[in-house]
Structure formats: C-alpha cells, structure tokens
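Data block below; observations after.
The values are calculated or read from the model by the stated rules, or taken from the named source; none is laboratory data. Everything numeric in this text was worked out from a predicted model, so none of it was measured. A quick note on method: Cβ atoms are made from the backbone with ideal geometry, for glycine too, and the neighbour counts reach across all protein chains shown. Accessible surface is based on the protein model in full, side chains and every heavy atom, while ligands, DNA and RNA are left aside. Shrake-Rupley method; radii C 1.70, N 1.55, O 1.52, S 1.80 Å.
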Amino acid sequence: MTRDLPPSLRSSAASGLTAAAAAGRFELQVCVSCEAVQYPPREACYACLATQLQWRAQDGGGELLATTQVHVSQNAWFKERTPWRVALVRLDCGPTVITHLHSGCPPPPARVRVHAFLDVSGQGVLIAFPAEGPPDIASDSKLLELVGDR
Amino acid sequence: MSASGGSRAYPDVVVTAPVTVPYERYSSSSAHVFIARALTGLLASAGLKKSDVDGLCLGSFTLAPDSAVAVTQYLGLSTRWLDFLPIGGMSGIVALRRALRAVQSGDAQVVACVGADTNQPDSFRKSLESFSTFARDAVLPYGSGGPNANFALLTAYYMRNYGARAEDFGKLCVAQRANALSYPHALFKSPLTLEEYLSARPIADPLRLFDCVMPCAGAEGFLVMSRDRAQRLGLPYVPVLATSERYNAYADDPIQMRGGWEMDRDRLYDDAGVGPQDVDLVQTYDDYPVMSMIQLEDLGFCAKGEGPEFVRGNSFTADGSLPLNTSGGQLSVGQAGCAAGFLGLVEAIRQLTGRNLARPVPEAHFALVAGFGMITYDRGLCAGAAVLSREGG
C-alpha cells in the first residue's frame, strides 16, 4: 500500500517553484520583456504574451486577504489532518496566491510573509507566516508534518 | 420591452421547449445517456423528428474522451451547425447566445441546446484533478478543498468587508428550498429552516453544508428557432431581449468581489429596454449564496456592498418581493455539471410561458438569468446574463 501524500501532480511550468523551494528560496516567474510577475506558473506572459519567463527571488511580503479552515478535503493525506488552514494573500509584487497558513498569523487584514517549502510529496508549496521574523515551521505541528520535519 | 414590443437584438428568433431530465445523485450511465434523454424530451415536446434538428449546442464536462462532434455519430445526428461549451455555469447563457445568432443568420433552423452530465461515484474527485492547469498547480495542493475552499475565502472576505452575516446567506438558501418544494425535479424535498442551515456541519469556514451544491447527474435543454416556426408548431415560446457575455473581467482585483456583469449591465439593460426594476424574477447562478448576492449587486438590484441589506429587505420565494431561483436553484435542485448552467434559463422559460413545473410567479413578464463559473484558479472567469420576456411583454 502506498503512503498517502498531498497532491504531487504539477505542470512542467511549475517545476521552477519546486527547484527554488529545494534551495530555500521563494521564486516566481518574471517576464523578461515587461517585468510582470506571474502566478500561477505558466509558459507565456499574461501581460504582454512574451514566452520568455525567468524565475526570480521574491521577498514574499503581502496582505492576508482571507482565511479558511478546510473541513472536507478530497485528498487522503489532508483528510487525516482536517481542519486545514488555507489563506489568500495579495503579494506586494502583484499576484494573489493561495497558501497554507501558519497558525501564528493574525486574522485578516494583516501583513504576512510568504515562503516556499518542499512538502512531503516533494513539491514546492507556499506558506504564509507572520510578517516579522524567520519562518517558524516548528511552532505549527501540522505544517511540520506537511514539510516532513526535515 | 422595446418600443416595437419585441426584441431589438433578436427580433425573429425565440427560445422554446424547456426540458429537464430528472436528476440522480449518482449514475453509472455515461453523459451520452443524459444527452439522449434530453434530446428525446426536446423532440417530443416540439413534435419534431431527429432529422429536423440541424444545429446542436452541447455543454458537458463528463463526455471525455468524447466531445460534441463524437455525439453526432453516437446519437445519429447530422447537423450543419455544432458547438461544444464545456464551460459549466456559463454554458446555458452562451448556448442561447450562439444559437440565437445561428438561427438569425440562417446557419441553422432548429438548434438543440443541451447541458448534460453524469455523476459517477468518483466523478467529482476526478474532475477536480483534471479541471485546470492552475488548479492542479496552485489550488489543490493547499488542502484539496475544491471549489468550496475558494468560495470560503471569497465569502469570508465579503462578510468582513460588507457586513454580511451567516443569516443573510441562510435566508437565500431557506427561500430557495421553499421554492424547490413545489418543483418535482429537485433532489432536496424537505423544508430547510434557518436553524438547520446554521447548525449544519462545517465544510470550509465560513461555509456550511447548505452553502454548497450537491453534485449530481442530469440534463437540461431548450430549442432555439424562428418565431414563425414556433408558431407553426404551436409551441409556447419566449423572446430574448438581450444577452451579455464576459470573461476574466477585473483581473487586477486582488480578490473577486465583482464579476463581468458590472462591466456589461448598462448595455444589457439598454439593449433589453428594461432595467432591474422591471424584472419579475431572477435566476442567479447560485453555486454559493455569496455569488447570488454579488450577482444581485453587479446586475444593479443594489449597490456594491449593499447585498446584505438588500437580502434583509426582500423575500425571494415565488410570491416574494423578488422571486429568486424559483425552481430552487442548484442549491436545492442539485448541480448536474453543465446542466446547472441551463437550470435558470429552463426555469425562466417555463415561468414566462406559463408552463410551470414549480410554483408560478404571479404576473411574470420579464426574467433575468445569470451565468457564472469556471474557477480555474482563484475566481470565476465567466459572467453572462440574459433578459427574457413573455411574448408581447
């Protein structure tokens, strides 16, 4: 029997996010022609349609717009761990991102900082943390499970 | 109603023969079966033969690996016009628009518009996984709550910014359930109280069970043809005064608190010659009650952010101050995939022709029907609407 994992299926465009997360960085694609920051990952610029996008480090600062706790999940790994905290964050660099949410974040509206980690499926995922200080995974036991306590 | 008493946009074409294939919670049948049943219903109600249908417009999510063209061979149709619209809650409005122009231009004479989907036990989970590239990369890995999680975030934001309370959403759900009790095809057949709504189990905060639709199998359909043909066939029919269609509106908004209706409503009502104050019944795309509230705002029934007050000041049953989703909406009838995008249109046609299955809205002359949907990432990309009239206004 295979071990349950969070969804690991990704498009090839998303591989850059995982590669950066493996190196401890949060990177998003930026259009080489017009500098528009892209998310979700893609292979053509939403602003100018250019097809050359470059993964570049982002500082992750943003506004926490809304949060939820998912009680009913379609994925076996998450089903075992509900309720699961999810957030919607408007990044200062432009895009709105859906993230995992650290339990120490204040309720919206609030400043948060988004970091990228590898989850136990081996894929890069975004997590919103309190705006100040380093990302303290260890203080949220569910997130610690998500990243596999590496 | 326009000065000439008819439709300026679509003067000589009409919509007729509203058909519903009864919904089933789960079905082992393929989507093709539901399409076949819908077509059978359309032909029977219009007194037509299969060969009389020369246009087919099909909305479906569960036909794969087939699409509309495969259905022509599967069901032995030889049409000269074909469209495939796997766009969920928008498919009915767009089917209507496409079919009206096809008949108006002479590209087809009788267009069958059908939204049909099956719901096999594993269909919902599979559809989540294959729904969109963005959902796969940037939504599902975050708790896999599906669209419920998306709309939980939108609902939470709406409540915080505009002062909506759970009771306001509950009022819509309770009114729609009251409407559904008179509609024979609704999957939910018992009354819903506000207390039951508020105490239902949580799905994704702040959404509870009755904020979320029940996926099911079923089909809806209608025919588009010339007014002359409908009259020759002796069919009750409905003129369409105006329609609108918009995708990916307000993409720079940080979160979706409005849809493309706001962008298009002035032209819609101008084309129709009627405004929200003239509308006798509204069919919103009610995949979640917050979206009904947003549609009422964006379609001009109240200003942005006034949805909660508007809901508190109105009643939404068939005999209420603003009859809304008068067959129960998908919240009480069920969400049969793309058929949900046809549900409001089919109900509006019935109300305006007096061929009701649900309780009639008294003096129903004008109906507004909205389409919405396709949450490929964080917001619904489609926003459409149609204004329909009783013949003669």
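Quick notes
- Shape analysis of region B:120-198 yields a ratio of the Cα radius of gyration to the Kirkwood radius, Rg/Rh, of 1.07.
- Normalised contact order of chain B, rounded percent, pairs of Cα under 8 Å and 6 or more residues apart: 28 percent
- For region B:281-367, a Kirkwood radius taken over Cα pairs fed into Stokes-Einstein (25 °C, viscosity 0.890 mPa s) yields D = 186 µm²/s.
- Kirkwood hydrodynamic radius over Cα pairs of chain B, then Stokes diffusion coefficient at 10 °C and 1.306 mPa s, in µm²/s: 77 µm²/s
- Distant-in-sequence amide contacts of A:Leu28, defined by a placed amide H-H separation under 5 Å and a gap of 5 or more residues or a different chain, comprise A:Arg56, A:Gln58.
- Between B:Arg355 and B:Arg232, the contour length at 0.36 nm per residue exceeds the Cα-Cα span by 42.4 nm.
- Candidates per GluC sites (Glu not before Pro) in region B:293-393, loop by DSSP, up to 11 other Cβ within 10 Å: B:Glu363
- Shape analysis of region B:335-393 yields a ratio of the Cα radius of gyration to the Kirkwood radius, Rg/Rh, of 1.07.
- Surface composition of region B:237-393: carbon and sulfur make up 44 percent of the accessible area, probe 1.4 Å.
- In a reduced charge model with +1 at each Lys and Arg Cβ and -1 at each Asp and Glu Cβ, region B:129-248 shows a dipole moment near 320 debye about its Cα centre.
- Look at the dipole of the protein assembly as shown built from charges on Cβ: of B:Gly329, B:Phe222, A:Val97, the Cα furthest out on the positive end belongs to B:Phe222.
- Accessible area buried between chains A and B, both sides summed, probe 1.4 Å, in Å² to nearest 100: 2900 Å²
- Interface burial in region B:113-145 reaches 50 Å² or more for B:Phe134, B:Arg136, B:Asp137, B:Pro141, B:Tyr142, B:Gly143, B:Ser144, comparing the full protein assembly with the chain by itself; accessible area from heavy atoms with a 1.4 Å probe.
- Less than 5 angstrom separates the built amide H of B:Gly371 from those of B:Gly384, B:Ala385, all sequence-distant by 5 or more or on a different chain.
- Ratio of Rg to Rh for region B:207-354: 0.97 [Cα atoms; Kirkwood radius as inverse mean 1/r over pairs].
- Antiparallel DSSP beta bridges within chain B, percent to nearest 5: 75 percent
- Residue by residue along A:3-11, Cβ atoms of other protein chains within 10 Å of the local Cβ number 4 on average.
- Mean accessible surface per residue for region A:12-147, computed with a 1.4 Å probe while every protein chain stays in place, in Å²: 40 Å²
- Å³ per residue enclosed by the Cα convex hull of the protein assembly as shown: 148 Å³
- Percent accessible area from carbon and sulfur atoms, region B:68-156, protein chains only, probe 1.4 Å: 49 percent
- Distance between modelled label sites at A:Cys48 and B:Glu306, nm, 7 Å Cα→Cβ extension: 4.3 nm
- Chain A - Debye-derived log10 I(q)/I(0), Cα point model, q = 0.08, 0.10, 0.13, 0.15 Å⁻¹: -0.22, -0.35, -0.59, -0.78
- Within the accessible area of region A:12-147 (1.4 Å probe), percent carbon and sulfur: 50 percent
- Subtracting the Cα-Cα distance of B:Ser130 and B:Asp278 from their residue separation scaled by 0.36 nm leaves 49.1 nm.
- Heavy-atom accessible surface of chain B, averaged per residue, reaches 34 Å², computed with a 1.4 Å probe.
- In the protein assembly as shown, helical runs assigned H by DSSP with n ≥ 4 each contribute -39500 (n - 2.57); averaged across all residues and rounded to the nearest 500, the mean residue ellipticity at 222 nm is -8500 deg cm²/dmol.
- Only protein heavy atoms count here; under a 1.4 Å probe, B:Leu187 has an accessible surface of about 50 Å².
- A crude spin-label estimate for the pair A:Glu80 and A:Leu144, with each label 7 Å from Cα along the Cβ direction, gives 1.7 nm.
- For region A:51-150, GluC sites (Glu not before Pro) meeting the loop criterion (DSSP other than H, G, I, E, B) and having at most 16 other Cβ atoms within 10 Å: A:Glu80, A:Glu132.
- Sequence-ordered 3J(HN,Hα) estimates for region B:384-393 from the Karplus curve with 6.51, -1.76 and 1.60 and θ = phi - 60° stand at x, 7, 9, 10, 10, 10, 4, 4, x, x Hz, glycine and proline given as x.
- The lysines within cross-link reach of B:Lys126, meaning a Cα-to-Cα straight distance under 25 Å and a gap of 8 or more places when in the same chain, are A:Lys79.
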